[in-house]
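Worksheet: one structure, shown below.
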């Protein structure tokens, strides 16, 4: 198939272009940045450019976006223009061009406050049925873009699949306190339990969605590593994650101890990928058991694709306090 990948110079975009080419597909890459994976340099807001990119294209995988790390450096208007108006431009051009469908790469950040249960409550069991409560302009605009995809399917018959993707970037955590407490790889390995995904698995899911989009019509799917937890674990998991892990992975403590690592004391949410596995036929290969076995053997934890794409950062410059500046949230009186 001939695929248009927007955001082709980004983490996911590059991973998609690399993999699609390896599998014999023809790829058109669109991005603001020149790269070996970019065919056309320009903005998704340039409607004429998008239309040119769509000539003879079978399906669109739309990954171009402003991300959460851009919140402190870009205006809310920029987020609306790129994430909402840009998605609208892609959908309208895709509809006019007659492609089989659009795969939209969204984010688990769209769930927002739904990921943070009140004190004393069990960890959240996050499926596609959880109602999003966006906490910032990133989440708001990604959710709005998702709704545009659904609107185009329901009103225009354009097949669209929305993938809410967990974190797969290789950059260090933005929270300086977390960086102080945990070795970076320690933290990422912990996250495979509940909110991390290897780039290769993310790419596989997007390609499967592209292959099935016309048959599915419309769907939303959570993409994250397969969690070992079940709903019965959620109450204890909130306050005693190590206790839950001892029952599921009796060998994990020895592996961690040898590296001076720690498990998170508590986990507040668990992403559940069951629907994506069932309906897309997706089989993610990297989960906590897999990475634990890799550590024990002394093998690489991350896929060859993730290592090849590596760290890209989100800005053209570095920052003193971390990989990117944090949004300053005003204090609400009385809270």
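The values are calculated or read from the model by the stated rules, or taken from the named source; none is laboratory data. Every value quoted in this text rests on a predicted model; they were computed, and no experiment measured them. Heads up, the Cβs are rebuilt from the backbone with ideal geometry, glycines too, and the neighbour counts pull from every protein chain shown.
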Within region 108-129, track down each residue that is over 18 Å from residue 238 (Cα atoms) and surrounded by fewer than 21 Cβ atoms within 10 Å (Cβ to Cβ). 128, 129
Filtering region 264-285 for residues that are within 25 Å of residue 241 (Cβ to Cβ), part of a helix (DSSP H, G or I) and either touching a helix residue (DSSP H, G or I) at 6+ places or on another chain (Cβ under 9 Å) or free of Cβ contacts under 8 Å to residues at least 12 places away in the same chain (or both) leaves a count of 1
Kindly list the number of the only condition in (1) in contact with a strand residue (DSSP E or B) (Cβ under 8 Å, 6 or more places away or on another chain); (2) in a loop (DSSP other than H, G, I, E, B); (3) surrounded by fewer than 23 Cβ atoms within 10 Å (Cβ to Cβ) that fails for residue 225. (3)
Just need a number here: residues in region 232-246 that are under 23 Å from residue 291 (Cα atoms) and either within 24 Å of the chain's Cα centre (by Cα) or surrounded by fewer than 21 Cβ atoms within 10 Å (Cβ to Cβ) (or both). 8
When residues of region 57-76 are filtered for being more than 22 Å from residue 171 (Cα to Cα), in contact (Cβ under 8 Å) with a residue 60 or more places away in the chain and surrounded by fewer than 20 Cβ atoms within 10 Å (Cβ to Cβ), how many remain? 1
Which of (1) part of a loop (DSSP other than H, G, I, E, B); (2) within 23 Å of the chain's Cα centre (by Cα); (3) at pLDDT 95 or above does residue 261 not meet, given it meets every other one? (2)
Residue hits (region 19-31; under 19 Å from residue 55 (Cα atoms) and surrounded by fewer than 24 Cβ atoms within 10 Å (Cβ to Cβ)) are 20, 21, 24, 25, 26, 27, 28
Quick one: in region 77-93, which of the residues that are in contact with a helix residue (DSSP H, G or I) (Cβ under 7 Å, 6 or more places away or on another chain) and surrounded by 22 or more Cβ atoms within 10 Å (Cβ to Cβ) is modelled with the lowest pLDDT? 79
Scan of region 288-335 for residues that are at pLDDT 95 or above, exposed (fewer than 15 other Cβ atoms within 10 Å of the Cβ) and closer than 18 Å to residue 196 by Cβ, ordered by number: 293, 299, 300, 304, 307
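Working carefully through the options 12, 4, 16, 54, find the one that is over 28 Å from residue 303 (Cα atoms) and surrounded by 15 or more Cβ atoms within 10 Å (Cβ to Cβ). Working first, answer last.
Details: 12 fails: over 28 Å from residue 303 (Cα atoms); 4 fails: over 28 Å from residue 303 (Cα atoms); 16 fails: over 28 Å from residue 303 (Cα atoms).
So the residue among 12, 4, 16, 54 that is over 28 Å from residue 303 (Cα atoms) and surrounded by 15 or more Cβ atoms within 10 Å (Cβ to Cβ) is 54.
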Which residues, taken from region 228-256, are closer than 24 Å to residue 178 by Cβ and either assigned to a loop (DSSP other than H, G, I, E, B) or at pLDDT below 95 (or both)? 228, 229, 240, 249
